[in-house]
Amino acid sequence: MDHAGCRAYALIAALAPPLLAMQTRKSLIPHRRDVNRTLQFTEDGTFQISVFSDLHFAEDDGSDNKSRKVMETVLSSEDAQLVVLNGDLISGEAIQNANSSSIYVDRIVAPIIDNDLPWASTYGNHDSEINLDPEDIFLREKIYPNSLTQKRVSNSTAGITNYYLPVFAHGASNDATPEFILWFFDSQGGHYPIDKNYNGTSVPRQNWVDDSVLHWFKNAKANLTSTYGGPIPSIAFVHIPVYPMRAFQLAGVSPSKEPGINGERVQQQGYGNDNINYDSQDSPFIQALLNTTGLVATFSGHDHDNDW
């Protein structure tokens, strides 16, 4: 695996009344309660998100330290209102002790907490392995008041990180109409933890967004539209990309129009998992996204050598 520290992106959006403000650095204190958990546009109408994908902590201390330093540099330079950890926080195959995930979660979120910023996560295929249960990652995240990560779908095949976060106008109350919605989806993949395997063998998980999540997504959109009188602009985060990304790549990525690294095959949902062949498993999710009025963009990780 090519693990060059981490992949960090900063997104500045000036959409709706748009899209992340760094404050004084403080030490890692899990019980801090002064983080503002209500997401709002800044006074000048911007909302900036710093996105980190495929951190892959636990492979070796040297790489982890480099990743942490990149995070520190980005967060001390950007004016972020939110940090998104977009999957593969930890390399589960490198975990030997099923009880050690908390150590790595603490290390990953330390730079975020030092900057008094909230964060929201999706989980990736490497976040679920024989000795790594994504439920443990989630539970550890939730000891921190900075964590906005949620679990909205309880179905056993849904994964963990399926939820949405509203972003409000500057100074608005929580009962105001959101200006923007951030959707988060769990594309799963990897393998079931050992206590959920058969006879201690490695059992692969489906690596696409589950149908139960799509049912929740449809209802959540309908509820938001009904409550606020119409669709709200939104963006979506999911670790594993969908097939249209691969189709776009096959059609030809233009360095002038789509600048960035184009170094590997897009591995879409449903592709490349153990004993599972791609058979349009992501089509229902794609259609659900296409049916989302006001959806501006989707953001994924997974492919380390692609950034366009």
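Each row is one residue, and each column tells you yes or no for (1) farther than 23 Å from ILE181 by Cα; (2) in contact with a Cys (Cβ under 7 Å, 6 or more places away or on another chain); (3) part of a loop (DSSP other than H, G, I, E, B); (4) at pLDDT below 90.
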{"residue": "ILE12", "(1), (2), (3), (4)": "no, no, no, yes"}
{"residue": "LEU20", "(1), (2), (3), (4)": "no, no, yes, yes"}
{"residue": "LEU28", "(1), (2), (3), (4)": "yes, no, yes, yes"}
{"residue": "ASP34", "(1), (2), (3), (4)": "yes, no, yes, yes"}
{"residue": "ASP44", "(1), (2), (3), (4)": "no, no, yes, no"}
{"residue": "VAL51", "(1), (2), (3), (4)": "no, no, no, no"}
{"residue": "SER63", "(1), (2), (3), (4)": "yes, no, no, no"}
{"residue": "LEU75", "(1), (2), (3), (4)": "no, no, no, no"}
{"residue": "VAL83", "(1), (2), (3), (4)": "no, no, no, no"}
Quiz item: Hey, does the stretch 73-81 have a residue that's crowded, with 21+ Cβ neighbours inside 10 Å, under 15 Å from the mean Cα position of the chain (by Cα) and at negative phi?
Solution: no
Practice problem: Go through the stretch 96-118 and give me each residue that's crowded, with 21+ Cβ neighbours inside 10 Å, over 17 Å from the mean Cα position of the chain (by Cα) and assigned to a loop (DSSP other than H, G, I, E, B). | Solution: ASN115
Quiz item: So which of ASP186, ASP127, ASP175, ASP106 is of a type outside the set (A, V, I, L, M), out of contact with any strand residue (DSSP E or B) (no Cβ under 9 Å at 6 or more places or on another chain) and under 27 Å from GLU78 (Cβ atoms)?
Solution: ASP106
Quiz item: For the stretch 119-144, how many residues meet the condition of being in a loop (DSSP other than H, G, I, E, B) and either closer than 10 Å to SER101 by Cβ or modelled with pLDDT of 95 or more (or both)?
Solution: 6
Quiz item: Does ALA169 fit the bill of being hydrophobic (A, V, I, L, M, F, W, C), more than 19 Å from THR298 (Cα to Cα) and surrounded by fewer than 16 Cβ atoms within 10 Å (Cβ to Cβ)?
Solution: no
Quiz item: What number of residues in the stretch 215-270 are touching a helix residue (DSSP H, G or I) at 6+ places or on another chain (Cβ under 9 Å) and modelled with pLDDT under 95?
Solution: 14
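For the condition surrounded by fewer than 19 Cβ atoms within 10 Å (Cβ to Cβ) and among the acidic types (Asp, Glu), what is the one hit in ASP186, ASP175?
ASP175
The values are calculated or read from the model by the stated rules, or taken from the named source; none is laboratory data. All values reported here derive from a predicted model rather than from experimental measurement. Here the Cβ is made from the backbone with ideal geometry for all residues, glycine too, and neighbour counts use every protein chain on show.
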